[in-house]
Structures are given as structure tokens and as C-alpha cells.
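Worksheet: the structure to be examined is printed underneath.
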Amino acid sequence: IELAAAWVEMLSLKEIADEVAQNLDFLETESHDAPDRHRSVRAVFDHSWQLLTPDERITFTRIAVFRGRFTRQAGQTVTGAGLRQLMALVNKSLLKRDPDSGVYQVHEILRQYAEQKLASSGEDSEIRAAHSDFYLNMLASFRKEFQSIRQLEAMREVEADIENLRVALMWACRNNRPNALLTAIHTLGIYFDMRAQYTEGLAMLEPAIVELRKHPTSPNRDAALASLCLWASIMTGYYRQRERAANFLSEAVDLLDDASSPADVLALRDFSRGYFDLLLDDPVEARTHFANAYNRYLSLGSIWDASHCLLNWGSAFYYRTDNHTTGFEHAREKVEQALTLVESTGDMYMRAHVLTSLGQLAAAQRNYDSAKQLYQRAQDLHRQVGNLFGLGSALMNMTTWGIILGLYDSSRTYIHENLSIQRERGNALGVAWALLVLSRLEFGAGEFSSARAHAAEALSMAERANIIEYINAALFAVGRAAWALGEYKASRGAYLKAYERANDLNRH
């Protein structure tokens, strides 16, 4: 406390706390009155180090590879320590242990000190390899649990260890360990998909891709790199970043060979092709890719992935299709088949998405009571799973249902909750669409100024994200609200821009 107090005149308390958390050498004094072991944080740690036994020093040094927390199993497997050594470090205040969960935690400054000891120990690479292998193997073991009744528990465990997993992934990519990567990447992609954390997923995957690209080509390295690229394509595709999604997909396709690449990676390739076509290109073409992926996953016994293919295969019969290519009965057949598969696993995430799709099909065929019931069931499941993307989608569907039936107050409640979720997630795409729907509701209620303001905000977000369909919809909404306010010049300008953009889109 005395060391920190010396900085109060120069830094805020938060700035001091941030420096303390990140810089081992930040706190020190030039006072000659202080005992040597109290002159700096490093001196305090040096004194504590001298009091450790040789075994305790080894254990303390090795825990530097962990980020924040670790379980007893992780600690013993990675460091080779026994329970006695771990408890000795707890008793000497170098580790904390939660008595309820049994989870250990190491303070970041202590970890930095231990990391410096590890770097000079001669076993840095060995311990980091053990850490990477442990967490990637743990991730791989969760693949079946993500698709079972233990789904929620498994997701919480991954969430709690996400920083350890980030370090494990990067170390494996930096050191070209594709075998460990191959068993883990798909589970990691599923996790981010289930949580709709696409921004966070890309933040982890893209640096890993950069590192793995640096190594010479080999069958396993290429397969692992392709898996990373395919998931990056899916995540950028969700944000309608067409060029980035296409580049990741193209790189992955070039890395794979139908005759020799792992079957599950080929299945993911086919799914990714379908997903790209569904969202960004030709939904009719997507059907073939989803069919191929479904057959591959089914032959591998991966029921969850097979149902995921069926769900999207069904969507390709009504999403972004025209009157000639829409097929509601084909869509229902695929989605109901997906429901049958997923109900055999105990999975809630996929079941919620399937119910949403069935609700959309019911609404499209004017069976609104059935649609509402299906949307409500999906909404409840998404809340249980903690899938904010899915919950937002369900709320948007409930909003649309309310608008169709003239239940505008209910629709406003749903859209405001959805808008809050999308803002909280930082999802520009979701925020823009929610604002457009809110603008439509306000326009219908004669609240033209609010309708214009929300449409203008949606336009700004859509332009930053460069989503053409959303830009055009927002321009139309701005023009409509401006017309209602008597601002005819502004209205004409917005409509003209929308018309010009639509023509450009048609020409391409």
C-alpha cells in the first residue's frame, strides 16, 4: 500500500491498479529507510522465493503457464505437482484456492514473476507443450458433451477456461502441433457458434491462422489450417463480410484434398460452402453443399453436425429465394428431420434453432398461432442456454408475429429487448436490423421523428458494415419518415440513393 501511495499524485487509482496488475516492477521505493525485502514488489517476491523448498519452487515456476485459474487436475497434469505442493503454495499465499469449486487462481503479478523463473529454468517449452496439450485435449473431449444433455455445463467449463484455451491454441499454432489442433478446433468453433460470440471467435482464430500459415505444408498442418479458415469463413459470413468470408473459404478449399484430407474437415468444408452460398451467394447452390455435408457427418456418426446441416439445408428452400426457387414443403421436411435427430441427443441449442425455423415456416404459411408457440419455446431454450444471438433471433420473430397480428405494444417490448441484447453484444448487424424494425413500428404509430432517427442510426451502422441490403432498407425507411414529416427533398434524396444502389446490385 505504501509503495502504491507514492503514485497517487501522478496517477488515478484505476491507473495505479492497472499498472500493478501488469507490471511487476511498477511498485518500488527509493527510500533508504525501508528494509531491502520491502523496497519493491519484486524484492518481496524474491524473499518469498527464498523460503520455498526446491519442489515448491519447481511447482511455482511451472504454474506460470496458466492464465488466471486452473483445476486441480490441470495443475497436477501440467506441472507434475502433487496435492501437497499445491497446498503448500496456497498456505504461503502464492496461490488461492476456492473451497467450493476447488479451483486454484494465481495473481497476474505472481504469474509474471514465475514466468521469468520458468524462462530461465530450461523447461519452458516442455511445460508450455504440456499446458497446450492438456487444454486442447480437454476441448476435444467436450465435443460430444456439447451435443448432449451436459451441454450447458460443458459450455460453462469452456467459458471459465477460455484464456487458458487461447494460450493453448496459440502455442500449438506457433509451434506447429497440428495433431492436437485437429481434435480441438471444431469444438472451439461450435462453442463460439453456440454462444454467438463471433467477434470473440475471430479474435482467437485469426492470430492462430497467421501463426500456422508460417509453417511448411504437410497433410495435418493443412487440415488444421483449413479448419481454422473454415470457421473464420463462417464467422465473417455471419457478419456479411463477403470478401473476407470468400477468402478464408477459398484458402481452406485449396488446402484440402478429397482423397486424403480428414473426413470431418471435408464435411466442414461442404457445410461452409453451403453457409456462404446461403447468406452471400446462391441459396439454391447451397442445397447441394449442405446435402454433401449432411451425408459426410451422418457417416461419421456426428448427429449434432448432421442436424445442423439439415437445418440450414431447409433454410436454403426459403431464405433469400424467389417465387420459382422457394419450397416450403421441402424446407419443412428437412427441418422436421433435424428436429427428430436433435431430440435424440438432449441438445437444447440446436433444438431451439430448429423450433425457430419451424416457427418461420408456420408464419410464412399464415399459421400464426403455431408460429407463436414455436417461437416461445425457442425463446425459452435460448434463455436457458445463454445464446444471446438465438434469443435475439427469437425475439425478432416474436416482434414480426406481433406486427402481423396488430399487437404493436407486444412487438415494441420484444424489439426493445432484442435491441438491448444486440447493443450489449456489439453486433452492428443485429442493432441495425432491430432499429429498422423499431422504425417501422414507430412510423405505423405516427411517431415520424423517432422513426427517422432510428432509421438514420441503422443507416449509419449498415454503411460502416457495408451491408448493401441493410443500407437499402435503411434508406427506404429514412425516405419514408422524411416524407411523412414533409421533408420532401430529403425523402427524394434517400429514395434516389436506394434506387441507385439497387440498380448497382442488380448489375452485379
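Per-structure values
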quantity	calculated
Residues satisfying the stated conditions in segment 155-177, i.e. crowded, with 21+ Cβ neighbours inside 10 Å and in a helix (DSSP H, G or I)	MET155, VAL158, ASN164, LEU165, ALA168, LEU169, TRP171, ALA172, CYS173
Test result for ALA494, touching a residue at least 40 places away in the same chain (Cβ under 8 Å) and of a type outside the set (Ser, Thr, Tyr)	no
First in segment 193-216 and farther than 23 Å from LEU391 by Cα, second anywhere and charged (D, E, K, R) and surrounded by 16 or more Cβ atoms within 10 Å (Cβ to Cβ), Cβ under 8 Å, 6 or more apart	MET204/ARG166; GLU211/ARG174; LEU212/ARG221; HIS215/ARG221
Options HIS353, HIS330, HIS308, HIS324: the member that is over 27 Å from MET155 (Cβ atoms) and part of a helix (DSSP H, G or I)	HIS330
Of the criteria (1) within 26 Å of GLY444 (Cβ to Cβ); (2) modelled with pLDDT under 95; (3) surrounded by fewer than 24 Cβ atoms within 10 Å (Cβ to Cβ), which one GLY386 fails	(1)
Single condition ASP380 does not satisfy, out of (1) at pLDDT 90 or above; (2) touching a helix residue (DSSP H, G or I) at 6+ places or on another chain (Cβ under 7 Å)	(2)
Residue that is assigned to a helix (DSSP H, G or I), of a type in the set (D, E, K, R) and either in contact with a Lys or Arg (Cβ under 9 Å, 6 or more places away or on another chain) or closer than 22 Å to ASN472 by Cβ (or both), where the choices are GLU417, GLU424, GLU442	GLU442
Sole residue being surrounded by fewer than 23 Cβ atoms within 10 Å (Cβ to Cβ), closer than 30 Å to SER410 by Cα and either in contact (Cβ under 8 Å) with a residue 40 or more places away in the chain or more than 24 Å from the chain's Cα centre (by Cα) (or both), chosen from ALA364, ALA291	ALA364
Index of the failed condition, ALA371 passing every other in (1) more than 17 Å from ASN418 (Cα to Cα); (2) among the aliphatic types (A, V, I, L, M); (3) in contact with a Lys or Arg (Cβ under 8 Å, 6 or more places away or on another chain)	(3)
Any hit, segment 416-427, residues being under 20 Å from ALA494 (Cα atoms) and in contact with a helix residue (DSSP H, G or I) (Cβ under 7 Å, 6 or more places away or on another chain)	no
Conditions (1) at pLDDT below 95; (2) charged (D, E, K, R); (3) surrounded by fewer than 20 Cβ atoms within 10 Å (Cβ to Cβ): number failed by ASP254	(1)
Matching residues, segment 62-87, being surrounded by fewer than 22 Cβ atoms within 10 Å (Cβ to Cβ) and assigned to a loop (DSSP other than H, G, I, E, B)	ARG67, GLY68, THR71, GLY80, GLY82
Near pairs, Cβ below 9 angstrom, 6+ apart or cross-chain, from segment 231-259 (closer than 14 Å to HIS289 by Cβ) to any residue that is of a type in the set (S, T, N, Q) and surrounded by fewer than 15 Cβ atoms within 10 Å (Cβ to Cβ)	SER233/SER250
Inter-residue pairs, beta-carbon under 6 Å, first farther than 12 Å from THR53 by Cβ and not assigned by TED's automatic domain parsing to the domain that holds GLU56 and in segment 81-92, second part of a helix (DSSP H, G or I) and among the aromatic types (Phe, Trp, Tyr), 6+ apart	none
Residue selected from segment 118-147 under the condition modelled with pLDDT of 95 or more and charged (D, E, K, R), by the criterion farthest from TYR349 (Cα to Cα)	GLU123
Tally of residues being surrounded by fewer than 16 Cβ atoms within 10 Å (Cβ to Cβ), basic (Lys, Arg) and assigned to a helix (DSSP H, G or I) across segment 115-154	1
Selected residue [acidic (Asp, Glu) and in contact with a Pro (Cβ under 7 Å, 6 or more places away or on another chain)] from ASP282, ASP277, ASP305, ASP270	ASP277
Out of ARG377, ARG383, sole residue that is farther than 25 Å from GLY201 by Cβ and either without any contact (Cβ under 8 Å) to a residue 24 or more places away in the chain or more than 20 Å from the chain's Cα centre (by Cα) (or both)	ARG377
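Listed here are the residues, each with its yes/no results for (1) buried (at least 19 other Cβ atoms within 10 Å of the Cβ); (2) part of a helix (DSSP H, G or I); (3) over 30 Å from the mean Cα position of the chain (by Cα).
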| position | (1), (2), (3) |
| --- | --- |
| LEU435 | yes, yes, no |
| ALA451 | yes, yes, yes |
| HIS454 | yes, yes, no |
| GLU457 | no, yes, no |
| GLU469 | no, yes, no |
| ASN472 | yes, yes, no |
| ALA481 | yes, yes, yes |
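The values are calculated or read from the model by the stated rules, or taken from the named source; none is laboratory data. On a predicted model such as this, the values are computed, not experimentally measured, just so you know. Cβ coordinates were reconstructed from backbone atoms using ideal geometry, including for glycine residues, and neighbour counts include every protein chain displayed.
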